[in-house]
Amino acid sequence: MSPLFGAIEAGGTKFVCAVGTHPDDIRAQVRIDTDTPEVTLSEVCSFFEDAATEHGALAAIGVGCFGPVDLEQTSPTYGYITSTPKPGWANIDIVGHLIEAFGLPVGFDTDVNAAALGEARWGAGVGLHSLLYLTVGTGIGGGAIADGRILHGRMHPEMGHIPIPHDRDQDPYEGCCPYHGDCLEGLASGPALRHRWGIAANQLPPEHDAWALEAMYLGTALATFILTLSPQRIILGGGVMEQRQLFARVRHETARALEGYLRLPELHDEGLDAYITAPGLGQNAGISGALALAESAVA
Ligand code: ADP
Ligand code: ZN
């Protein structure tokens, strides 16, 4: 019998928790609004206690978490959310809390790394050894799979905060990143769209000028990621990418930024349609990835 795992997609707005053996075999799932850590984590624990009573003992718990987080196993703050601007959530020991409550192995990584892993296991990246998952939502973040594993370094990549060429004559908006102003996230996140145009990103019509500029920033960033990581596929998720017309524009801008330098069929014409794609798991990439993290905690 396949072991039963707990999975947590921990976000600044909501925590999605699930229990199951596989993304196609989710036995219970809940959405919990992100409140204070005390309130939220106690609801999370109650959900898993009830689910274990109903469906059986869990073998491990996986967490894909908003961050920044500490992923260094030897660090005294391993498993913590470290420096988030989210009030009350900085220096919160997520892994320690779960180990104390359940005494189970806990697989822990960033939300985008989890989504990248989920897509590699069960989604648009099946059969590939490397991919990039980029979310464009309230923030922008990237997770990479390299040689079949989540790419870690000193901590985890922070791809949303790369500098981006910014022509202030064309786009006078100063950017909304509290650290950098006009980094990628500062120029192209959902909040940046709202601040620049005065309309919520999901209310901007498909023919609005916003999307040409958005595609240019995202295409420029993707060219940088292709040149540095050489992923076999790029998966774009997050609320802003619900604008499906953006995909064609981003593909075009990515190819334009690369100027024909890389002679790969994926980067030309129809090859690009498969190369830059939506998540195969749709909205479930994150929670599926958390399940995969639980699985790898006992593998
Ligand atoms: P989060 O990043 O908070 O986890 P999302 O990925 O859903 O959540 O991103 C939320 C952001 O995406 C918001 O800024 C919102 O305006 C924007 N967004 C959500 N839906 C759409 C849409 N259909 N079109 C454009 N932007 C959207
Ligand atoms: Zn930034």
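What's the longest uninterrupted piece of the chain once you rule out the chymotrypsin sites (Phe, Trp or Tyr not before Pro) that are loop residues per DSSP with at most 12 other Cβ within 10 Å?
Within the chain, the longest run free of exposed chymotrypsin sites (Phe, Trp or Tyr not before Pro) spans 1-178.
Round to the nearest 0.05 the FRET efficiency obtained for LYS14 and GLU270 when R0 = 30 Å and r is the Cβ-Cβ distance.
E between LYS14 and GLU270, to the nearest 0.05, is 0.20.
What are the ³J(HN,Hα) couplings of the range 45-60, residue after residue, when phi is run through the Karplus curve with 6.51, -1.76, 1.60 and θ = phi - 60°? Round to Hz, x for glycine and proline.
In residue order, the calculated couplings are 5, 4, 4, 5, 4, 5, 5, 5, 4, 7, 10, x, 5, 8, 8, 5 Hz.
Which residue fluctuates most in the GNM of the chain (Cα springs below 10 Å): ILE140, ILE162, ILE61?
It is ILE162.
For ARG244 and ASP24 in the same chain, what is the full-extension length gain: residue separation times 0.36 nm, less their Cα-Cα distance, in nm?
Length gained between ARG244 and ASP24: 76.7 nm.
Long-range amide H contacts for ALA60: which residues qualify at under 5 Å (H placed 1.01 Å from N, peptide plane, sequence gap of 5 or more or a different chain)?
Correct list: GLY6.
Once phi is turned into θ = phi - 60°, what whole-Hz ³J(HN,Hα) does the Karplus curve with 6.51, -1.76 and 1.60 give for every residue of the range 123-137, x standing for Gly and Pro?
With the stated coefficients, the range 123-137 comes to x, 6, x, 4, x, 9, 9, 8, 7, 10, 10, 10, 9, 10, x Hz.
Have a look at SER46, SER75, SER230 and tell me which one the Gaussian network model of the chain (Cα, springs below 10 Å) gives the largest fluctuation.
Sorting by GNM fluctuation, first place goes to SER75.
Please compute the contact order of the chain in relative form: average sequence separation of alpha-carbon pairs under 8 Å and at least six residues apart, divided by the residue count, as a percent.
The normalised contact order for the chain reaches 22 percent.
Counting only protein heavy atoms, what percent of the accessible surface of the chain is carbon or sulfur at a 1.4 Å probe?
It is 51 percent, rounded to a whole number.
Tell me, what does the Kirkwood hydrodynamic radius of the chain come to in angstroms if you use every pair of distinct C-alpha atoms?
19.6 Å is the Kirkwood radius here.
When the chain is fully extended, how far beyond the present Cα-Cα distance does ARG31 get from SER2, taking 0.36 nm per residue of separation?
8.0 nm
If the elastic network links every pair of Cα atoms under 10 Å, which of GLY143, GLY190, GLY103 fluctuates the most in the Gaussian network model of the chain?
GLY103
Which percentage, to the nearest 5, of the DSSP beta bridges contained in the range 1-91 is antiparallel?
Beta bridges within the range 1-91, antiparallel portion: roughly 70 percent.
Over the chain, what is the percentage of antiparallel beta bridges among all DSSP beta bridges, to the nearest 5?
Expressed as a percentage, antiparallel bridges in the chain total about 60.
What is the set of long-range amide H partners of ALA124 at a cut-off below 5 Å, with H atoms built 1.01 Å from backbone N?
Counting only residues 5 or more places away or on other chains, the set is GLY280, LEU281.
Relative to the present Cα-Cα distance, how much length would full extension add between ARG154 and ASP169 at 0.36 nm per residue of separation?
Residue separation times 0.36 nm, minus the Cα-Cα distance, leaves 1.7 nm.
Could you pull out every residue, at least 5 positions away or on a different chain, whose amide H is within less than 5 Å of the one on THR21? Hs are placed 1.01 Å off N in the peptide plane, and Pro or chain starts have none.
For THR21, whose amide H was placed from the backbone, the distant partners under 5 Å are PHE5, ARG27.
Under the Karplus relation 6.51 cos²θ - 1.76 cosθ + 1.60, θ = phi - 60°, what is the ordered set of whole-Hz ³J(HN,Hα) values for the range 259-268, x standing for Gly and Pro?
Per-residue couplings from phi come out as 6, x, 5, 8, 8, 10, x, 4, 9, 10 Hz.
When the Debye formula is applied to the Cα atoms of the range 111-250, each taken as the same point scatterer, what base-10 log of I(q)/I(0) results at q = 0.13, 0.20, 0.21, 0.22 Å⁻¹?
Computed log10 I(q)/I(0) values: -0.54, -1.18, -1.27, -1.36.
Over what distance in Å are the Cα centres of the range 227-280 and the range 104-142 separated?
17 Å
The values are calculated or read from the model by the stated rules, or taken from the named source; none is laboratory data. Just so it is clear, the structure is predicted and the values come from calculations on it, not from any experiment. Glycine also receives a Cβ, built like all others from the backbone with ideal geometry; neighbour counts cover every protein chain displayed. Just the protein is used for accessible areas: all its heavy atoms, side chains included, with ligands, DNA and RNA removed. Shrake-Rupley method; radii C 1.70, N 1.55, O 1.52, S 1.80 Å.
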